[in-house]
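The values are calculated or read from the model by the stated rules, or taken from the named source; none is laboratory data. Just so it is clear, the model here is predicted, and its values are computed rather than measured. Every residue, glycine among them, receives a Cβ derived from its backbone with ideal geometry; neighbour counts consider all protein chains shown.
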Amino acid sequence: MHVLVLSSLHIYPIKSLAGIAVHSALVQPRGLQYDRRWMLVDEQGRFVSQREVAELALLGTAIEPPFLVVFSRKNPALRVEIPLEPPLGALEPLAVQIWDDHCDALLLPGEINRWFSDMLGHSLRLVYMPDSIHRPTDARYALNGTVSFADGYPFLLIGQASLDDLNSRLAQPLPMNRFRPNFVVSGSAPFEEDSWTDFNIGAVQFRGVKPCARCIIPTTDQDTAQRAPEPLKTLATFRQQDHKILFGQNVVWMGASEKEMVSIGDQVTLL
């Protein structure tokens, strides 16, 4: 039998901004600690992502306790500090929309919102999801689940072999950051993760619930914010099902203790 290993681990504190590669992460029901707990919204409270504003990719993030730091990847001196533990009682509630979901969030102060608006040339506001907010996962696939500001599920897993297979079909290979996974697993066969249900990463139990349908974001170069037809053009030739292009597996946590950790090098065991 082949050995499956967690080979890289990523969090994306602000939805659609650049992510952070980490060695270890705390697992929580709605996602890895700090993962997509912040989100930019427009004046109507609707989420804004790289689908509408590709330049979000050019803003980097870093965890520098007690702050989440956001910076221009072109000019890192342009930066803003956001409290990792916001003063919840001092923040104004705001109703927000993510796809068809509606939930409450907390609005960050005006100077932070002005920084994002000035950097991106759009009127934007930054919101935070406290633990008290419950946004359910799709009950058809993950009954009783909860999720942060991620599109629909707490975690996304991709096998390294799946990207290698895709790259073998492309004129120009692409990096994994085009697909924004939390977990990258080495040692599996290409697209083997499509069929995974219950599995462990180290001692932590997860469940694969639904292959991930891809939008336009993988066509965005995460270093330049430029779009091109690939990889969706090629994926559509062999990874299309019911008019959706699938790449990666949506995952929920099946654990019972919020002190569970996952780390690079953990063995992945199918149950």
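Side notes on the structure shown:
- Here VAL262 meets each of (1) in contact (Cβ under 8 Å) with a residue 40 or more places away in the chain; (2) closer than 28 Å to VAL3 by Cα; (3) not in a strand (DSSP E or B) with one exception, condition (3).
- Scanning segment 95-107 for residues that are in contact (Cβ under 8 Å) with a residue 40 or more places away in the chain and either surrounded by 16 or more Cβ atoms within 10 Å (Cβ to Cβ) or touching a helix residue (DSSP H, G or I) at 6+ places or on another chain (Cβ under 8 Å) (or both) yields VAL96, ILE98, ALA105.
- Single residue of SER188, SER123 found to be assigned to a loop (DSSP other than H, G, I, E, B), surrounded by fewer than 20 Cβ atoms within 10 Å (Cβ to Cβ) and either in contact (Cβ under 8 Å) with a residue 12 or more places away in the chain or in contact with a helix residue (DSSP H, G or I) (Cβ under 9 Å, 6 or more places away or on another chain) (or both): SER123
- Candidates LEU143, LEU156, LEU170, LEU166, filtered to the one that is touching a residue at least 60 places away in the same chain (Cβ under 8 Å) and assigned to a loop (DSSP other than H, G, I, E, B): LEU170
- All positions within segment 228-257 that are exposed (fewer than 12 other Cβ atoms within 10 Å of the Cβ) and acidic (Asp, Glu): ASP242
- Just one residue in the set LEU107, LEU174, LEU163, LEU126 is at pLDDT 95 or above, among the aliphatic types (A, V, I, L, M) and more than 25 Å from ASP223 (Cα to Cα); that residue is LEU107.
- Every listed requirement among (1) more than 29 Å from VAL204 (Cβ to Cβ); (2) surrounded by fewer than 16 Cβ atoms within 10 Å (Cβ to Cβ) is met by LEU143 save one, (1).
- Annotation note: Cβ proximity below 7 Å between a residue of segment 46-61 that is basic (Lys, Arg) and a residue that is at pLDDT 95 or above and buried (at least 19 other Cβ atoms within 10 Å of the Cβ) (sequence gap 6+ or interchain) occurs for ARG51/ILE217.
- Here the condition is being closer than 30 Å to ASN75 by Cβ and β-branched (Val, Ile, Thr); of ILE217, ILE245, it holds for ILE217 alone.
- Residues in segment 82-99 that are within 16 Å of ARG37 (Cβ to Cβ) and assigned to a strand (DSSP E or B): ILE82, PRO83, PRO93, LEU94, VAL96, ILE98.
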